[in-house]
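Here the structure is laid out as structure tokens; the discussion comes afterwards.
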Amino acid sequence: MPHSTLSRLSLLPLLGILIFAPAACQRKRDITTLPGIWNGVVYLQNQDEVALKLELKVEGDQVSGTILNGDERVASTNGSFDGTNLKLKFDYFDAVLDGTFARREIIGTISRTWKQQKMVRNFKMWKGGEKMIVPAMAEGKDLSGEWEMKVGEGEKQRQWRLLLTQKEGALTGTILTPSGDWGTMTGAFANGIALITRFDVINARLLRAQLNAQDQLEGTVDLGQGEAPRKVVAERVSATAPVAVQNTKVQNPTEPFKFAGLDLTGKTVESTDPRFKNKVIIIEITGTWCPNCYDEAPLLKDLYARYQAQGLEVIGLSFEYTGDTKRDLEQVKIFNQKHSIPYLMLLGGSTENDDVAKKLPQLVNFGAYPTTLFIGRDGLVKKIHAGFDGPATGERHTRLKAEFEETVKELLKGGE
């Protein structure tokens, strides 16, 4: 979608609100009015509302904000407030929240780099006033468990997995796709309708579905990227039922895997570098714009810390949105600093114009960020895992961490 279209559509939900803004903007607020929990909404293209929960803190004249999704936290890197305008920067996502007081609300935009343009979303928020969950409205029904989702229609239909936990009327859960999970989503089940949403600066997502007489959930899911919501039909399944995966592989398993990228100083590093000789290597194909990649980073740090002395190397090979080498390399540096990455981070290229296929032509059916390659001491790819099951998936996350470690240990011993 062109930049101009994104910007124009983003203004629609606020037209009625902004009428009152000029008069309200004349009055300066003291910075002490900011600290606390602010609830609000982020508007999707069709004016659906994704819940926003932001905790603001003040130290001296410094303002910080943290977006809350269940137990998950997304913290700003810096912020400012001039008595009228609030600005929070999330540098690692190349994103900015920019809001203005209007009466007792703060309204404005949240913008971030998306592909090679800017995505702008409108929001409003108010202090306190969180929606009340009424247990009786769940009518004694419990959606807890796993649901097999058919998403979309026809040739574009996909199978995803919905994980839900219900406590009285409150719902938490996540959606698991071949690229990984969506992180913690929150909402409620009331009057037969389940509604869960998530906003984490990068994504604004919403699932709304009604429980029908056949014990199916029927409704729509909105990925928050400007396209029309997709039809959803979901049925209960066992937690042991297989989940659809991205089947990425290499064209020739007997050919050593080749890669190259720029390190944080701008120097080119290649797979032929002597440092990789006779080493077990984990290559994470990643992006600083990818929430699941943030979930995987702590695991890779842990594996590197415990197994580097035995011959393990870890490489984060990042593909970024803009294609501007200087800007993209700066984003990789910010990611590296945020997570205190001890292993090698490289800028591999751009997400656009089939650059991954050009830079990594040995891969077949690549399509998930992150995708993790396990390479033996002989330079051959032994295993590929597409996507990443983050903490929101519970036991799946625990099992995946154990699986990664077992793979590393086996390869260090010389196994296949």
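Tabulated data for the structure shown
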| read-out | value |
| --- | --- |
| Calculated diffusion of the stretch 135-237, Stokes-Einstein form, Kirkwood radius summed over Cα pairs, 25 °C and 0.890 mPa s, µm²/s | 180 µm²/s |
| Sites matching trypsin sites (Lys or Arg not before Pro) across the stretch 377-416 that sit in DSSP coil, with at most 12 neighbouring C-beta atoms within 10 Å | LYS413 |
| Fraction of beta bridges assigned by DSSP in the stretch 249-412 that are antiparallel (%, nearest 5) | 55 percent |
| Cα gyration tensor shape for the stretch 249-412, rounded if a/c is under 1.5, else prolate or oblate | rounded |
| Per-residue ³J(HN,Hα) for the stretch 174-191, Karplus 6.51 cos²θ - 1.76 cosθ + 1.60, θ = phi - 60°, Hz, x for Gly and Pro | 7, 10, 9, 10, x, 8, x, 8, 8, x, 5, 10, 10, x, 8, 10, 8, 6 |
| For LEU86, residues with placed amide H under 5 Å, excluding near neighbours | GLY99, THR100, PHE101 |
| Gaussian network model of the chain, Cα within-10 Å springs - most flexible of ARG275, ARG158, ARG29 | ARG275 |
| Quarter of Cα convex hull surface for the stretch 30-189, i.e. mean projection, nm² | 11.8 nm² |
| The stretch 254-340: C-alpha gyration tensor shape, a/c 1.5 cut-off, then a/b vs b/c | oblate |
| Nearest-ten-degree value, helix 325-339 long axis tilted from longest Cα axis of the chain | 80 degrees |
| Entries in LYS301/LYS413; LYS249/LYS326; LYS277/LYS326; LYS258/LYS409; LYS57/LYS141; LYS124/LYS333 that, when Cα-Cα distance is taken, lie over 28 Å | LYS249/LYS326; LYS277/LYS326; LYS57/LYS141; LYS124/LYS333 |
| Qualifying GluC sites (Glu not before Pro) for the stretch 27-62 [loop in DSSP, other Cβ within 10 Å: at most 15] | none |
| The chain: angle of helix 395-412 to the longest principal axis, Cα-based, in degrees nearest 10 | 20 degrees |
| Paired Rg and Dmax values of the chain, which use every Cα atom, in angstrom | 22.6, 71 |
| Calculated from backbone phi, Karplus (6.51, -1.76, 1.60) coupling profile of the stretch 292-300 in Hz, x at Gly/Pro | 5, 5, 5, 5, 7, 3, x, 5, 5 |
| DSSP-loop GluC sites (Glu not before Pro) across the stretch 202-273, with at most 14 other Cβ within 10 angstrom | GLU227 |
| Global form of the stretch 341-416, assessed from the alpha-carbon gyration tensor, a/c cut-off 1.5 | oblate |
| Whole-number percent relative contact order across the chain, with pairs defined as alpha carbons under 8 Å at least 6 apart | 13 percent |
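Bear in mind that the values in this text are calculations on the coordinates, not laboratory data. In this text the structure is predicted, and so the values were computed from the model without any measurement. In this analysis, Cβ positions are derived from the backbone assuming ideal geometry, glycine residues included, and neighbour counts consider all displayed protein chains.
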